[in-house]
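The values are calculated or read from the model by the stated rules, or taken from the named source; none is laboratory data. Quantities reported herein were computed from a predicted structural model and do not represent experimental measurements. Because the Cβ atoms are built from the backbone with ideal geometry, glycine has one as well, and the counts that use them run over all protein chains shown.
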Amino acid sequence: MASIIDKRLALHQRLAKKEQEYNALKSQNVQLQALANLGSATSMIAHEINNLLTPLANYAALAAKNPHDADLVAKALDKTVRNCQRASRIMISMLAMANGQTQEKHRVALRALVDDVFTCLCRDFNKDGIAVQVDVPETVEIVCVPVQIQQVFMNLILNARDAMLPGGGHLTISAAENGVQVDIAVTDTGRGIASEDLENVFEPFYTTKAGQEGPATYSGSGVGLAFCQRVVHAHGGEISAESCPGRGTTFRVCLPKSSS
């Protein structure tokens, strides 16, 4: 009997020790997950700010090259100031999103958001051989955090542009109301995405650009689409992709027309 009691006591002690080890590992895992979330948020913020640095540099260069054209300089500086303010709003918005804070949503015209993205980019896509068609009715509205949804479109548009360089192609942005939601499609005629990559494109740090040659070679950080998915889901929507290698890609975004 004593032997059985000793064995049970030893077993309980081992179980207690294992439980302590499990709780310690669990605590470490929580800390590591918090660090991982911080790292992802930092990468996403850096990625989005970097998307705005190029047009900012373009505006500044335009003003510097034409110092005697007062109207042009004034226009370039005005756009530079506006983009700096936009960058500040993006930083505040993304930090709030990373911290799980609720942000105020507004009812806005979708077409205005898309047009503002192209204005912000300060790039004539025709110079890249890319024809742009925007089929978004002026009457279509969504309820959203505007700066976040604009960054979603900026990511999708820049990805589409990269996919069509250097040969050019067609970029189409369309939207239509569908019951309680708005269906949006961003379609390019670029190189497309292989089927084995398509299912992973929304994973953080997964990029299909690393091995490509050309203008997009060093532009892929693998956080842009992960950011898009996170924003769309936070708005109660969905985002998906379909592609055919060599024939192009379509990203579909479904957003509610009312606050979720």
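A few points about this structure:
- Looking only at segment 41-78, and only at residues there that are of a type in the set (A, V, I, L, M, F, W, C), modelled with pLDDT under 75 and under 21 Å from Val117 (Cβ atoms), the one that is nearest to the chain's Cα centre (by Cα): Met44
- Selection count where residues are farther than 27 Å from Ser93 by Cβ, touching a helix residue (DSSP H, G or I) at 6+ places or on another chain (Cβ under 9 Å) and without any contact (Cβ under 8 Å) to a residue 40 or more places away in the chain, scope segment 145-171: 1
- If the condition is being within 15 Å of Ala175 (Cβ to Cβ) and of a type outside the set (S, T, N, Q), then segment 233-258 contributes His235, Gly237, Glu238, Ile239, Phe251, Arg252, Val253, Cys254, Leu255, Pro256, Lys257.
- Check on Arg252, over 14 Å from the mean Cα position of the chain (by Cα) and modelled with pLDDT of 90 or more: no
- Residues of segment 79-105 satisfying the condition of being of a type outside the set (A, V, I, L, M, F, W, C), surrounded by 14 or more Cβ atoms within 10 Å (Cβ to Cβ), modelled with pLDDT of 75 or more and assigned to a helix (DSSP H, G or I): Lys79, Thr80, Arg82, Asn83, Arg86, Arg89
- Tally, over segment 185-194, of residues that are under 19 Å from Ile149 (Cα atoms) and in contact with a Gly (Cβ under 9 Å, 6 or more places away or on another chain): 1
- Boolean, Val182 is in contact (Cβ under 8 Å) with a residue 12 or more places away in the chain, closer than 20 Å to Lys257 by Cα and either touching a helix residue (DSSP H, G or I) at 6+ places or on another chain (Cβ under 9 Å) or surrounded by fewer than 16 Cβ atoms within 10 Å (Cβ to Cβ) (or both): yes
- Taken together, the residues in segment 115-139 that are modelled with pLDDT under 95 and buried (at least 16 other Cβ atoms within 10 Å of the Cβ) amount to 9.
- Selected residue [assigned to a strand (DSSP E or B), under 20 Å from the mean Cα position of the chain (by Cα) and closer than 27 Å to Ala185 by Cβ] from Val132, Val117, Val147, Val108: Val108
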